[in-house]
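Before any comments, here is the structure.
Read-outs: derived from the displayed coordinates by stated rules, not from any lab. In this text, all values refer to a predicted model and were calculated from it rather than measured experimentally. Quick reminder, even Gly has a Cβ in these numbers, built from the backbone with ideal geometry, and neighbours come from all protein chains shown.
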There are 2 protein chains.
Amino acid sequence: MISAEYISRSPITDKKYFIPENFDDKKNIERFLLQHPGKKVVVVQGLGFVGSVMSLVVANALTEEYAVIGVDLPKPPSYWKICSINEGIFPVLASDPKISLYYENARKKNNLYATFDPEAYARADVIIIDINLDVKKTNSETGELKDFDVDLTPFRKAVETIGEYCRPDALILVETTVPPGTTQKIVKPIIEEYLQKRGLPVDQIKIGHSYERVMPGPKYIDSIQNFYRVYSGVNEKSADAVEAFLRTIIKTDEYPLTRLGNTQATEMAKVLENSYRAMNIAFMVEWSRFAEEAGVDIYEVVNAIRMRPTHKNIMLPGLGVGGYCLTKDPLLASWARKNLFGSSEPLWQSEKGVRINDQMPYFAFRYLQSQYQHPLQGKKLILLGVSYLNDVGDTRYTPVELFYDQLRLHGCAISLHDPHVKYWEEKDLWIQQNLEQLLNEEYDIICITTGHKEYRNNPDFIQQLLNRNSCFIYDTIGVFTNEEIKLLQQKHTVKVLGRGDL
Amino acid sequence: MISAEYISRSPITDKKYFIPENFDDKKNIERFLLQHPGKKVVVVQGLGFVGSVMSLVVANALTEEYAVIGVDLPKPPSYWKICSINEGIFPVLASDPKISLYYENARKKNNLYATFDPEAYARADVIIIDINLDVKKTNSETGELKDFDVDLTPFRKAVETIGEYCRPDALILVETTVPPGTTQKIVKPIIEEYLQKRGLPVDQIKIGHSYERVMPGPKYIDSIQNFYRVYSGVNEKSADAVEAFLRTIIKTDEYPLTRLGNTQATEMAKVLENSYRAMNIAFMVEWSRFAEEAGVDIYEVVNAIRMRPTHKNIMLPGLGVGGYCLTKDPLLASWARKNLFGSSEPLWQSEKGVRINDQMPYFAFRYLQSQYQHPLQGKKLILLGVSYLNDVGDTRYTPVELFYDQLRLHGCAISLHDPHVKYWEEKDLWIQQNLEQLLNEEYDIICITTGHKEYRNNPDFIQQLLNRNSCFIYDTIGVFTNEEIKLLQQKHTVKVLGRGDL
């Protein structure tokens, strides 16, 4: 039997790939590039949710023909993506039809190749860094954030690899969400150090930062290609080079580019906008609890407030905050303030925002406990939705996880449904897709945990619920309309998180 | 000599009024009402920034002719307003031309009278409560919020007065920003108690809550009349009556009314929307300090983020938060959660928002200290602007106060300019209006402390600054454009709060 560390399994096709011991892919890179003479070569480092789609966008650039090489590590979580791209199966599932359109187009033009061989960087005119930079969070079982740290080692290593191979005149564009200060204080020194080690000049290199505002889902490609971009460079020459490159892939006439004064500014803009969002969600948490106490329906209050143009973006409460960005970006920023700029203070409020949001699913669980009025031990539950986002199958840091864990801890038997998630990687659980069949079972409690359209404004779903024996329905998201609630209340007990006034 | 407690002085005309010992004004009320037979009588309790203008709006109602009586107390801060309204001088100065238009129109129709005699309530079909409800805050000299409390006594007393006089079928409409729960838990019981004492039925009374979103300045009237309104009643009959009344004064076809489920909901909506705003400002405080540390211009970052439709309302940093609402409403709400609904928790984040905002002027002072690099002792300064709001003369809780106090404490000699404020009531200071003359004086430091248009995009102002001897210019608001800063830097040292990158 082959050890797991040599196997990389595609969650899409379930196909297993054996990770080679020989990391030399030079011949294939050479062969690929020979088919694209004269074309500029763009190498994307990292084939995750951003990098793989960014590769597609560059392979389908608007005003230039690029030869695109995607690079990732020959390790179990990533090796299959490399193989999958080259074999004709795009490694990201998404409802956006442009994904397959762009992928098919790149396949036709044969201008997208994936590899694990860092030799690719040696051939690049442009290198785009799209790898992850994680925050290690330690949370208690009720979601309390006990500790967090940022380990830059994997990120540094990735940049060092680029430095070992890259041409001295390449453009290195950091797209990863990094602690503000990283491009100037970490990326630039590493690249310069490695160029010097290699006896190469350091004055031609161009290093910039520009972040995407990618949103998985039906507008995946557009969220990269047809959206405002902010960019910067470590010097003017770098910023010019970033601008020239971005103009070839983004519709800048519709979505003008914004150049900021230095790379700290763009790095800060990215984490600031995500912190702002996280903070605004956290702000609503205590108000929705106050609303419950005061017998107020927070949904009608927030909808009334949203009439004001200045208050349109006020958030609604919910089960919690998930996804890769909002759960960590405020911490990245706070970490940078202390560790890269020597401030004695963290970003206190932004950290607090994460702390509150991390506990939201626990509050949602506590509210269920207080409303259900029976012990949860031994009860049969179904959770409708495990993804953190409506109509998308993305379980990264989904708030459903803590909610699920609490229910398990309290002895519930739990069924799971999600139309977009077959396999819940983080929990190693297979998810069922047939809602009708699932709803034929008996449950004590039915919880809506994601706002998928299958549960929202769906008369069939309401009818199915009405056909069931009386049970307790708990809507953590506010998917039901007042009319639907009235209907359901004829048979069931219905509780909605943040709506004390039902 | 007559004791100060018998004198009420108009800050507009400087005229002094002797407060009568006999509070009987029945004859005049009678005479006034005899001129308006058959008209409904609306009495507005409180002639402050909201009540006086609300009286104008009702006297100029859209679809009904009302006889309007404004009532305030025969005390030094308010008695002059009563006299002033009856003598032909409206007691609120504002740049909105509609104010004088509406006032002249009411004078012509003779349908607005002001009095101190609670007898007015006995004649009212509709009574609108527009008095203040204050939070008593204790701040340290650096702005730290040490303690706060809500004393409902004056508010209760005002409602009791209504209860002593009102008809048993009157509509009582609370417009005051109150702790959520007040209309239901305080106003309703008081009115019922007093009606019962008077041997009157309690089942005809109608009590509701609806808040204005008044904004002093050029759109003062419109902010009451042409804007979305949220309303509620203690029962359906009350809510219907509020709705019927509001329809006669507000352009509800353009700005539809929103009825909420109970009075707690509308009371909460008001303090929630102000807390949201206060919180969003507080959120930016630590980010702008981080920006200074990281050499980032927070203005360009925020402007870049604002390109996103979902992030349009992100705030810019500044000297601080002032005015009557944002400085206290989050505390009102937090107080109510604990004191009216028995929660063990305050609104922790909303309180924190006020705490941070209260300290902003102190941070602005500290930044000046750190950038000026000389002791401030004995330096000559001028502060441009004392109002808390651009292009308006409103000094209530202006952040300039703490900034000014800190400068004084550190031995500065301070001149003050504000085109809209002649007399700074809270500090008992007369403010100069002639900017040109003031700028002929020598100063070590010139501070922009309000974003009035006299200082913003004003080439004459820039020229005047350029004509001066070299000095230190400190912009706490971000009024200067990059071009203006470059010009000014040819001669002066220029620092802008939140722009580390100059």
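Chymotrypsin sites (Phe, Trp or Tyr not before Pro), restricted to segment A:1-33: which are DSSP loop and have at most 16 other Cβ atoms within 10 Å?
A:23
Counting only Cβ atoms, what residue of chain A lies nearest to the axis that sends chain A onto chain B, and how many whole Å off?
A:313, 3
Whole-Å semi-axes of segment A:4-265's equivalent ellipsoid, largest first, each the root of 5 times a Cα gyration tensor eigenvalue?
25, 24, 21
Let me see the P(r) profile for segment A:1-146: every Cα-Cα distance counted, bins of 5 Å, each bin given as a percent of all pairs.
2, 9, 18, 21, 19, 12, 8, 5, 3, 2, 1, 0
Within 10 Å of each Cβ in peptide A:278-285, how many partner chain Cβ atoms are there on average? Round it to a whole number, please.
4
Given the pairs A:491/B:270; A:137/B:338; A:137/B:146; A:81/A:108, which span a C-alpha to C-alpha distance of over 24 angstrom in this model?
Table pairs above 24 Å Cα-Cα are A:491/B:270; A:137/B:338; A:137/B:146.
Give me the net charge for the shell around residue B:110: Cβ to Cβ below 12 angstrom, other residues only, Lys and Arg +1, Asp and Glu -1.
Combined, the nearby Lys, Arg, Asp and Glu give +3.
For the charge dipole of segment A:296-496, defined by +1 on Lys and Arg C-beta atoms and -1 on Asp and Glu C-beta atoms about the Cα centroid, which residue among A:368, A:413, A:490 has the Cα displaced farthest towards the positive pole?
A:368
For the protein assembly as shown, take the convex hull of the Cα atoms, compute a quarter of its surface area, and give me that in nm², please.
46.6
Quick one: Debye curve from the alpha-carbon atoms of segment B:250-387 only, equal weights, vacuum; give me log10 I(q)/I(0) at q = 0.19, 0.21, 0.22 Å⁻¹ to two decimals.
For segment B:250-387 at q = 0.19, 0.21, 0.22 Å⁻¹, log10 I(q)/I(0) is -1.19, -1.28, -1.32.
Can you sort B:113, A:211 so the residue with the fewest Cβ neighbours within 10 Å comes first?
A:211, B:113
Let me have the 222 nm mean residue ellipticity of chain B computed from DSSP H runs of 4+ only, each contributing -39500 (n - 2.57), with the sum over all residues rounded to the nearest 500.
Dividing the helical sum by the residues of chain B leaves -11500 deg cm²/dmol.
Exactly which GluC sites (Glu not before Pro) in segment B:396-444 are in a DSSP loop and have at most 12 other Cβ atoms within 10 Å?
For GluC sites (Glu not before Pro) across segment B:396-444 that sit outside H, G, I, E and B with at most 12 neighbouring Cβ atoms in 10 Å, the list reads B:441, B:442.
Which aspartates and glutamates have a Cα lying under 16 Å from the Cα of residue A:188, excluding residues fewer than 8 positions away in the same chain?
By straight Cα distance, residue A:188 reaches A:160, A:164, A:169, A:175, A:203, A:236, A:267.
Give me the one-decimal nm value for the distance between modelled label points at residue A:483 and residue B:107, 7 Å along each residue's Cα-to-Cβ direction.
Here the modelled spin labels are 5.4 nm apart.
Using a 7 Å offset from Cα along the direction of the beta-carbon, what are the separations from residue B:344 to the same position in each other copy, nm, ascending?
3.5
Roughly how far apart, in whole Å, are the Cα centres of segment A:220-261 and segment A:135-210?
Spelled out, the Cα-based centre of one part sits 20 Å from the other.
Past 19 Å, Cα to Cα, is the threshold; run B:422/B:453; A:75/A:328; B:109/B:251; A:237/B:312; A:136/A:328 against it and keep the listed order.
A:75/A:328; B:109/B:251; A:237/B:312
By counting other Cβ atoms within 10 Å of each Cβ, how are B:186, A:85 ranked from fewest to most?
B:186, A:85
Counting only other chains, and only Cβ atoms inside 10 Å, what mean value do you get across the residues of A:228-238?
Partner-chain Cβ atoms within 10 Å, mean over residues of A:228-238: 1.
When DSSP beta bridges are limited to those with both residues in the protein assembly as shown, what percentage is antiparallel, rounded to the nearest 5?
25
What order do you get for A:31, B:213 when you list them from fewest to most C-beta neighbours inside 10 Å?
The fewest-first ordering by Cβ neighbours comes to A:31, B:213.
Just to be sure I understand: of the beta bridges DSSP finds with both ends in segment A:4-265, what percent are antiparallel, rounded to 5?
Beta bridges within segment A:4-265, antiparallel portion: roughly 30 percent.
Between copies, how far does the label point of residue B:423 sit from its twins, in nm, shortest first, when each point is 7 Å from Cα along Cα→Cβ?
7.9
When ranked by the protection proxy of mean other Cβ atoms within 10 Å per residue, highest first, what sequence do the peptides A:234-243, A:103-112 form?
My ranking of the peptides, most packed first, is A:234-243, A:103-112.
Can you order the peptides B:291-299, A:470-478 by their average number of other Cβ atoms within 10 Å per residue, highest first?
B:291-299, A:470-478
Kindly give the distances from residue A:95 to its copy-mates, label point to label point, with each label point 7 Å from Cα along Cα→Cβ, as nm values to one decimal ordered shortest first.
From this label point to the equivalent ones elsewhere in the assembly: 4.7 nm.
Starting with the highest mean, order B:122-129, A:221-228, A:371-378 by the number of other Cβ atoms within 10 Å, averaged over the residues of each peptide.
Top to bottom by mean Cβ count within 10 Å: B:122-129, A:221-228, A:371-378.
Give me the Å³ per residue figure for the convex hull around the C-alpha atoms of segment B:278-496.
143
Check the straight Cα-Cα distances from residue A:39 and name the aspartates and glutamates below 14 Å, setting aside those fewer than 8 residues away within the same chain.
Result set, ordered by chain and number: A:30, A:64, A:65, A:125.
For segment B:374-434 and segment A:406-450, what is the separation of their C-alpha centers, rounded to whole Å?
62
For segment A:76-99 and segment A:13-74, what is the separation of their Cα centres, given in Å?
12
Per residue, how big is the convex hull around the C-alpha atoms of chain B? Give it to me in cubic angstrom, could you?
167
Return the aspartates and glutamates within reach of residue B:380: Cα separation strictly under 14 angstrom, same-chain partners fewer than 8 residues apart disregarded; answer none if there are no such residues.
Qualifying aspartates and glutamates at Cα under 14 Å: B:441, B:442, B:444.
Can you compute the equivalent ellipsoid semi-axes for segment B:398-453, i.e. the square root of 5 times each eigenvalue of the Cα gyration tensor, sorted largest first and rounded to whole Å?
17, 15, 11
Out of all DSSP beta bridges with both ends in chain B, state the antiparallel percent to the nearest 5.
Roughly 25 percent of the DSSP beta bridges within chain B come out antiparallel.
Counting only other chains, what is the mean number of Cβ atoms within 10 angstrom of the Cβ of each residue in peptide B:341-349?
That average works out to 4.
So how many Å³ per residue does the convex hull of the Cα atoms of segment A:199-276 work out to?
With only Cα atoms used, segment A:199-276 gives 118 Å³ per residue.
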